[in-house]
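Asker: Quick one: the structure is below, and I'll ask about it shortly.
Every number in this text was worked out from the coordinates using simple rules, so none of it is lab data. All values derive from a computational prediction rather than experimental measurement.
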């Protein structure tokens, strides 16, 4: 009997609105054996690219780039108050992120021991029509008041600013309705971990079926 071919990873989209606890789910999945590709982290990398910064300065205003770095606070204030500015910023940053994500997926798939599951942690997965590239989508759900309290507590944003950012995303209930799996993050961490562990078993079963 010849050597066993490595498992082909399944691609799982992970999403949810601001404060839903998506990062906690990602960390748990990573601890269980998934590879995580974090779109927010890639977006931060994108805004350290000189070509990206030049486009932001040219299209959104030179005041957003200070000493060769993006003024993140000023940029956030600008784009959440102006949907047109947000669309222009997304048009600059998202293609860079997509290329970097695709390259990382290809690298993981080609590795000698690929992970069974590659998780694409993408806040705007549905908003940008990226679910079509996933074998399954997981949405992390939590009540708005709990999400506002979480974000305000960790970032200092006032409740109004958090609500405005939530309103800029697709309603969370719509994402839940479209998801293959839903993680309810309204309760304690131990309950969240139990749900993610059960999800992991299901994802592994799907990965095995696809071998």
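Asker: What is the helix-to-structure angle for 144-155, meaning the angle in degrees between its Cα long axis and the longest Cα principal axis of the chain, kept from 0 to 90 and rounded to the nearest 10?
Answerer: 70 degrees
Asker: Then there's this: Between residue 164 and residue 99, what is 0.36 nm times their sequence separation minus the Cα-Cα distance? Round to one decimal in nm.
Answerer: The residue 164-residue 99 span can extend by a further 20.5 nm.
Asker: Could you tell me how many degrees, from 0 to 90 and to the nearest 10, lie between the Cα long axis of helix 72-81 and the main elongation axis, the longest principal axis, of the Cα atoms of the chain?
Answerer: Once rounded, one gets 80 degrees.
Asker: While we're on this one: Could you work out [θ]222 nm for the chain from helices alone, using -39500 (n - 2.57) per DSSP H run of at least four and dividing by all its residues? Round to the nearest 500 deg cm²/dmol.
Answerer: Counting only the DSSP helices, I get -17500 deg cm²/dmol.
Asker: Mean separation of Cα pairs under 8 Å and 6+ residues apart, divided by the residue count of region 1-156: what relative contact order is that in percent?
Answerer: In percent, rounded to a whole number, it is 50.
Asker: What is the antiparallel percent of DSSP beta bridges lying wholly in the chain, to the nearest 5?
Answerer: Counting only bridges with both partners in the chain, antiparallel ones make up about 10 percent.
Asker: Expressed as a whole number of Å, what is the distance separating the alpha-carbon centroids of region 130-179 and region 6-56?
Answerer: After rounding, the separation between the Cα centres reads 15 Å.
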